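Readers should treat all values here as calculations from the given coordinates under stated rules, not as data from a laboratory. These figures come from a predicted structure and were not determined experimentally. Positions of Cβ are generated from backbone atoms using ideal geometry, with glycine treated the same way; all protein chains shown enter the neighbour counts.
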Amino acid sequence: MRGRFVGDIGVGGVMGELVTQDNFPLTAKGVIARVRRIQEIRNEVMKKDVHFGVIPGCQKQSLYKPGAEVLLMTFRIAAEEPKVEDLSGPDAIRYRITRNGTVGGALVASGIGECSSDEEKYKWRFAVCDAEWDKTPEDRRREKYKRDGTTIKQVRTNPADVANTILKMSDKRAYIAMTILATAASDMFGQDLEDLPPEVAEGLENGGEPAREPISQPKPKAAPAGDIVTFIPTEVQIKDGEKDGKPWRKFGIKAPDGKIYGTFDENLGALAMQSTDDKTAVTIGYKMDKTGKYLNAVTLTVPASDPGSAQ
């Protein structure tokens with residue numbers, strides 16, 4: 001029988017209790033406490049680029065297998081042995097794996113993962129030399145375009161050479177899928193983007209648009225004396241609109257005291273969102289607009305010193 005967690009999970013308290021569907025569901029406090037527990041684990045235990053990370057060209061954090069292991073340990077969820085389906089054909093290795101997560105023998109969630117040697121990154125490899133390229137049949141070789149317009153010579157990979165990798169990758173995908181479902185952490189972590197070629201990951205994450213350049217720290221601009229504040233943003237509000245046929249996007253960087261510092265600068269907005277996720281402080285140089293109603297962020301930097309409080 002499928003089950004779920006109930007009960008409050010306080011800081012430093014015991015883990016949630018798993019019950020069947022016939023019993024009471026989580027209380028609102030229980031849901032909030034559980035989300036906070038995952039956030040605490042992410043911020044205090046997990047390490048970026050080890051347990052999770054942001055794939056170039058993407059925005060959402062991807063959960064890695066080491067991070068999934070930490071979450072399952074936190075909630076005492078047992079990962080059962082994988083159920084493997086061999087879907088291989090004459091010219092391709094393909095596996096589908098199901099992973100069940102249980103607590104006390106009761107099913108919490110199931111995750112399915114699949115991988116095939118026909119996937120782009122497994123199907124092709126570089127030709128080691130021109131002689132290999134010349135002797136490879138035309139239907140098993142290709143020239144692939146790079147971002148700069150040049151091409152590289154590739155030949156088909158022998159599926160048997162990557163069979164073990166395909167099996168492990170299928171299991172990893174199922175394992176992470178089960179973890180995200182069991183812990184309801186899909187709002188914090190994505191899945192599988194780290195397994196995709198960069199151009200494919202960009203297409204899925206950005207709606208087909210090319211990836212933006214990496215966020216760089218803007219060069220400091222002079223701000224009026226006294227109009228500087230340092231705080232950890234509680235959220236970044238985004239508002240889109242259009243003026244004279246031109247689209248615009250405004251970021252509202254909210255301080256703990258409720259004040260909102262606005263900017264149309266996407267670089268500043270991206271830095272603020274990153275600081276919100278990482279719970280790190282930002283220093284904003286700002287000025288009041290002509291109406292006296294709005295605070296406009298002129299500069300935004302991430303100080304090396306300990307964060308202060310909003311002024």
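List Ile152, Ile55, Ile93, Ile260 from most exposed to least, where exposure is judged by having the fewest other Cβ atoms within 10 Å.
Least to most surrounded, the residues fall as Ile152, Ile260, Ile55, Ile93.
For Lys239, list the lysines whose Cα falls under 26 Å from its own Cα; do not include residues on the same chain fewer than 8 positions away.
Filter leaves Lys60, Lys219, Lys221, Lys250, Lys254, Lys259, Lys279, Lys287, Lys290, Lys293.
Among Asp244, Asp86, which comes first, then next, by fewest other beta-carbon atoms within 10 Å?
Listed from fewest to most nearby Cβ atoms, that is Asp244, Asp86.
When Lys and Arg each count +1 and Asp and Glu each count -1, what net charge do the other residues less than 10 Å away from Glu85, Cβ to Cβ, add up to?
Residues near Glu85 contribute +1 overall.
When the chain is fully extended, how far beyond the present Cα-Cα distance does Trp248 get from Asp134, taking 0.36 nm per residue of separation?
Using 0.36 nm per residue and subtracting the Cα-Cα distance, I get 35.8 nm.
Only counting other Cβ atoms within 10 Å, I'd like Met169, Met73, Met178, Met273 sorted with the fewest neighbours first.
Met73, Met273, Met169, Met178
Zone of Thr291 (label point 7 Å along Cα→Cβ, backbone N under 16 Å): which residues in the stretch 231-257?
Within reach of a label on Thr291, which here means backbone N under 16 Å from a point 7 Å along Cα→Cβ, the stretch 231-257 contributes 239-243, 250-252.
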